[in-house]
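Shown next, in structure tokens, is the structure this report addresses.
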């Protein structure tokens, strides 16, 4: 199935982005069918190994959505995410993984339309890049 080969693992913070996704669904906004949502308490909770494991398990992209900077339920979690994902992208480049396969962005609880827009943009990017070749990083 085309969508399975281009799966996008999507980490959503519990307090904002997950609610934004829920709003998008309730409004029946057009969202890609190949996103696989994982609800986390905070975008700052995303460890680099979660992203690498998603790629090893066959994901073609990883989308991380959190509260807008300054609005984090845990005060500084999204700033932690910014630092982590920035370093992760540099490391992925050394493995030959395009940086565009990972995206960190912000969606508040009231931004269902923004969620749909970001998710669709990510799906378009991954479609252009195609499936990620099989990785043998940690195997």
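The values are calculated or read from the model by the stated rules, or taken from the named source; none is laboratory data. Note that the structure is a prediction, hence the values are computed from the model and not measured. A quick note on method: Cβ atoms are made from the backbone with ideal geometry, for glycine too, and the neighbour counts reach across all protein chains shown.
Of all residues in segment 116-134, count the ones that are over 19 Å from residue 54 (Cβ atoms) and buried (at least 18 other Cβ atoms within 10 Å of the Cβ). Qualifying residue count, segment 116-134: 1.
Considering (1) modelled with pLDDT of 95 or more; (2) surrounded by 17 or more Cβ atoms within 10 Å (Cβ to Cβ); (3) in a helix (DSSP H, G or I), the lone condition that residue 12 does not fulfil carries the number (3).
Conditions (1) in contact (Cβ under 8 Å) with a residue 40 or more places away in the chain; (2) within 25 Å of residue 130 (Cα to Cα); (3) buried (at least 22 other Cβ atoms within 10 Å of the Cβ), marked per residue:
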| site | (1), (2), (3) |
| --- | --- |
| 8 | yes, yes, yes |
| 17 | yes, no, yes |
| 37 | no, yes, no |
| 58 | yes, yes, no |
| 62 | yes, yes, yes |
| 74 | no, no, no |
| 82 | no, no, no |
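Residue by residue, here is whether (1) in a loop (DSSP other than H, G, I, E, B); (2) more than 11 Å from the chain's Cα centre (by Cα) holds:
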| site | (1), (2) |
| --- | --- |
| 28 | yes, yes |
| 32 | yes, yes |
| 36 | no, no |
| 44 | no, yes |
| 51 | no, no |
| 65 | no, no |
